[in-house]
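Each reported figure results from applying straightforward, stated rules to the coordinates on display, with no laboratory input. Small disclaimer: the values here were computed from a predicted structure and weren't measured. FYI the Cβ positions are ideal-geometry reconstructions off the backbone, even for glycines, and counts take in every protein chain you see.
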Amino acid sequence: MAAPLPNRDFVTTIRDDGSRPFLFPADTHGRFTTVRRIWSLLLIAFYLSLPWIQINGYPAVFLDIAQRRFHLFGLTLAAQDVWLMFFVITGLGFSLFFVTALFGRIWCGWACPHTVFLDHVYRRIERAIDGDAVSRRLLDEAPASGGKLFKRVFKHSLYILVSAVIAHLFLAYFVSLPEVWVMVSAAPTAHWSAFAFMAVFTGILYFNFGWFREQLCIVICPYGRLQSALIDDNSLVIGYDMKRGEPRGKVGTEGAGACVACNRCVQVCPTGIDIRQGLQLECVGCTACIDACDDVMTRLHRPRGLIRYD
Amino acid sequence: MTPTPKPPLPDENEPLRPHSFDGIQEYDKRLPNWWLMTLFGAVVFWAGYWFYYERAHIGHTNAQIVEQQLAVIEATRLANAPTVDDASLWKMSRNPVFVDAGRASFETTCVSCHTKELTGAIGPNLVDHLWIHGGRPTEIYTTVTQGVLAKGMPPWGPVLGPKKISEAVAYILSYHQEGEPIEVQAAWVPPPPK
């Protein structure tokens, strides 16, 4: 069953009976999609490479919990330096608030690991195996068959494989790569707690990126809920130009605004909202609707930017 | 021309939460099913957790884990002490790591003569207050190390080494209290075989 049309009175991805309509957001192409993809791949490369880079004989980031030594880019901190965490945490909190006041949810769309891995790793795998949004929805509604089973097994195996890689690299931040290698080479029972952590963490990643997805941003993440307290009229957010767009109408309609009611912005939205209804809690600022609308406007030889950062 | 969709008017039948702040009210919607599943799952987990830690005491509390680790540290320290004296042997006898290791040695080496209950058979009783070759910890240690060949006690020093002997003596001492009376016994008379 497809998701209902977005409405501000309910969350698109939660039905009245509490069940979850799974979204099949359409592909986007354009300026923001390209820049965001390159940027995100850089971020992923950064994340995956940090444990491999040696500075002063230690990995660039090595939070050695067992020895209570925290190596950060050549700086080594001990347990008694924990008081510095006060400045780190308040500094991070303040930075997040400050950046939010100026640039809205730039973090969510461009830097949050959840979005980065979801949009640029897991959704890419899904896209490669199951095809575009329409094919994915049809495959989801199709009755069980050999081909569907094969695709499902293939896709979920890749999900689990990628999750395991991310989890192992994450563990490397805390025990260093050589130690991860030692533990991976040994039997699971030899490093039981590390193995359990790894299995559980891989499972959480797999569940989160394979199924949970936008629910994390909408229901769990507190940052989204705080938005109304953090932004004001001058914050940079993605919005729909209502003055230019309304009233909606097909090309050639007398008195119609720029919006042709093609609903492309709704089809590409990964959280299932209609951005034309204004800024909403669900919006993670992923810019998909900007590229989708710009694409349509360009084809109609109208100036782009009906939906834009403003 | 499609008219601009207006936000739907509030549905009279849609249940609202009773509270109202600055005139803002919220709908009383059903929680997501996955959310309810985590709640029920947490309740089930709590039951298992409560049984494991609070009821059956299968899992160790943090205090017990710390105590175990401190015992391991002290055991290492005592085992590496340059000499053994009465005080250190008494300390060993109160350390569970040491006593457990000593029990293992005792039950493979000593039980044939002194019995599993240490009450003695061929060799003398080790849990009463009567001692033939001295009841102070260092005296017991010397007796075990050098043996009393005339009475059939072999010298265990070359066989077990000082660490295992310390452990075994600690195990024997774990049946005693520091400062309890030590009486001298002339000779051990084995009890009649049952």
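Here are some notes:
- When you restrict to C-alpha pairs under 8 Å that are six or more residues apart and normalise by the size of segment A:237-309, the relative contact order lands at 34 percent.
- For segment A:43-127, diffusion coefficient by Stokes-Einstein and Kirkwood Rh (Cα), 4 °C, 1.567 mPa s, µm²/s: 84 µm²/s
- Cα-based values for segment A:46-96, radius of gyration first and Dmax second, are 12.2, 33 Å.
- With the helix formula -39500 (n - 2.57) applied to DSSP H stretches of n ≥ 4, chain A reaches a computed 222 nm mean residue ellipticity of -15000 deg cm²/dmol.
- D by Stokes-Einstein for segment A:237-309, Kirkwood Rh over Cα pairs, 4 °C, 1.567 mPa s: 107 µm²/s.
- Think of segment A:237-309 as having a plus end and a minus end, set by charges on the Cβ of Lys, Arg, Asp and Glu; of A:M297, A:G285, A:C269, A:M297 sits farthest toward the positive end of this dipole.
- Extension gain from A:L5 to A:K250, taking 0.36 nm per residue of separation minus the Cα-Cα distance: 86.2 nm
- Here, P(r) means the percent of Cα pairs in each 10 Å bin from 0 to the largest distance; for segment A:79-162 it is 15, 28, 21, 18, 13, 5, 0.
- Kirkwood analysis of the Cα pair distances in chain A returns a hydrodynamic radius of 22.0 Å.
- Across the alpha-carbon atoms of segment A:145-196, the computed radius of gyration and Dmax are 14.8, 44 angstrom.
- Radius of gyration and maximum dimension Dmax of segment B:24-172, Cα, Å: 25.9, 98
- Reachable lysines, given that their alpha-carbon falls under 17 Å from the alpha-carbon of B:K164 and they are not under 8 places away in the same chain: B:K91
- Value of relative contact order over chain A, rounded to a whole percent, pairs C-alpha under 8 Å and six or more apart: 24 percent
- Between B:I73 and B:K116, the contour length at 0.36 nm per residue exceeds the alpha carbon distance by 12.6 nm.
- For segment A:1-146, Kirkwood radius (reciprocal of mean inverse C-alpha pair distance, Å): 19.5 Å
- Projected label distance in nm at A:R68 and A:L300, using a 7 Å step from Cα toward the beta-carbon: 6.5 nm
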